[in-house]
1. Using just the C-alpha positions of the range 145-246 as equal point scatterers, what log10 of I(q)/I(0) does the Debye formula give at each q in 0.18, 0.22, 0.25 1/Å?
2. Under a 10 Å cutoff between Cα atoms, tell me which one of 84, 218, 15 has the largest fluctuation in the Gaussian network model of the chain.
3. With point charges of +1 on the Cβ of Lys and Arg and -1 on the Cβ of Asp and Glu, referenced to the Cα centre of the chain, which listed residue (169, 56, 217) lies farthest in the positive direction of the dipole?
4. Using Cα extents along the principal axes in Å as the read-out, say which of (1) 49, 46, 41; (2) 64, 46, 32; (3) 63, 46, 36 was calculated from these coordinates.
5. Go ahead and set up a Gaussian network model of the chain, Cα springs under 10 Å, then flag whichever of 222, 116, 164 fluctuates most.
6. For the chain, what relative contact order do you get, as a whole percent, if you take Cα pairs closer than 8 Å and at least 6 residues apart?
7. Multiply the residue gap between residue 115 and residue 33 by 0.36 nm, knock off their C-alpha separation, and tell me the result in nm, one decimal place.
8. Beyond 21 Å, what share of the Cα-Cα pairs of the range 1-72 remains, rounded to the nearest whole percent?
Amino acid sequence: MEQNLNIFGQPTGPALVNWQARTFPEPVTLTGQYCRLEPLNATQHTDSLYQAFHPANGSPSFWTYLSVGPFDDPQSFSAFIRTAVASRDPLFFAVVDLRSEQAVGLLSLMRTDVRNGVTEVGNVMFSPSLQRTLLSTEAQFLLMQYVFSELSYRRYEWKCDSLNAPSRNAASRLGFQFEGIFRQAVVYKGRSRDTAWFSVIDSDWPALKMAFQRWLSADNFNAQGEQQFRLQQMIQQAQTQADPRA
């Protein structure tokens with residue numbers, strides 16, 4: 001890669017011609033084939049989310065790596081939802097299953113930095129019925145598409161407890177690049193957290209978008225709903241097509 005040098009012969013980052021601060025994310029509705037992301041609403045979503053997060057055979061382990069919960073009763077959960085609705089950053093979205101029209105999960109855009117075009121997907125609370133489904137992947141795709149294709153941000157982050165293997169695996173599967181560990185970065189639930197950092201940047205997005213669209217296509221699933229090709233395979237293929245040297 002050609003290196004940029006200033007008049008003193010010092011290496012510098014690439015120049016950004018006509019760069020301008022980005023706009024703040026809005027409480028928009030994003031609709032896909034299987035799910036819809038819509039602004040979190042206490043009246044519309046509280047009951048269905050409480051049921052989704054507290055199934056009869058549910059396990060408290062669901063809440064281990066989340067900064068909130070578990071909630072022992074509907075009242076405490078409702079208070080959390082009201083607080084989330086009032087928040088601007090994080091900006092919360094409900095994940096609605098288009099088949100049932102019920103909210104089955106939450107996620108947010110947070111730590112948004114409009115000056116530098118950076119935001120983070122966080123507060124990912126996907127109920128047991130949403131985890132490892134088409135809907136969960138599409139929900140992540142819809143929010144990523146909003147950030148890059150509509151807001152034109154430069155960087156999209158994912159952070160989690162370094163010991164949270166499912167979250168780290170999910171980030172890698174979705175095309176985020178691992179960047180390292182921030183030691184003792186957070187204190188939550190009375191314990192210390194080393195934070196694993198991942199990111200997608202704008203130059204990654206075209207290949208990722210192509211891979212997501214191919215993976216989410218009905219042609220990629222048989223009559224039993226089983227995938228023909230894994231998302232990571234399609235990401236690798238799209239990256240190779242974008243850059244044969246990859």
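1. Reported log10 I(q)/I(0), two decimals: -0.94, -1.14, -1.26.
2. In the Gaussian network model the winner is 15.
3. Highest projection toward the positive end goes to 169.
4. Among (1) 49, 46, 41; (2) 64, 46, 32; (3) 63, 46, 36, the one calculated here is (2).
5. Highest fluctuation of the listed residues: 222.
6. Relative contact order here is 15 percent.
7. Working: separation 82, 0.36 × 82 = 29.52 nm, distance 3.29 nm.
Value of the extension gain: 26.2 nm.
8. Result for the distance tail: 62 percent.
Quick note: the coordinates plus some simple rules give every number you see, no bench work behind them. In this text the structure is predicted, and so the values were computed from the model without any measurement. Positions of Cβ are generated from backbone atoms using ideal geometry, with glycine treated the same way; all protein chains shown enter the neighbour counts.
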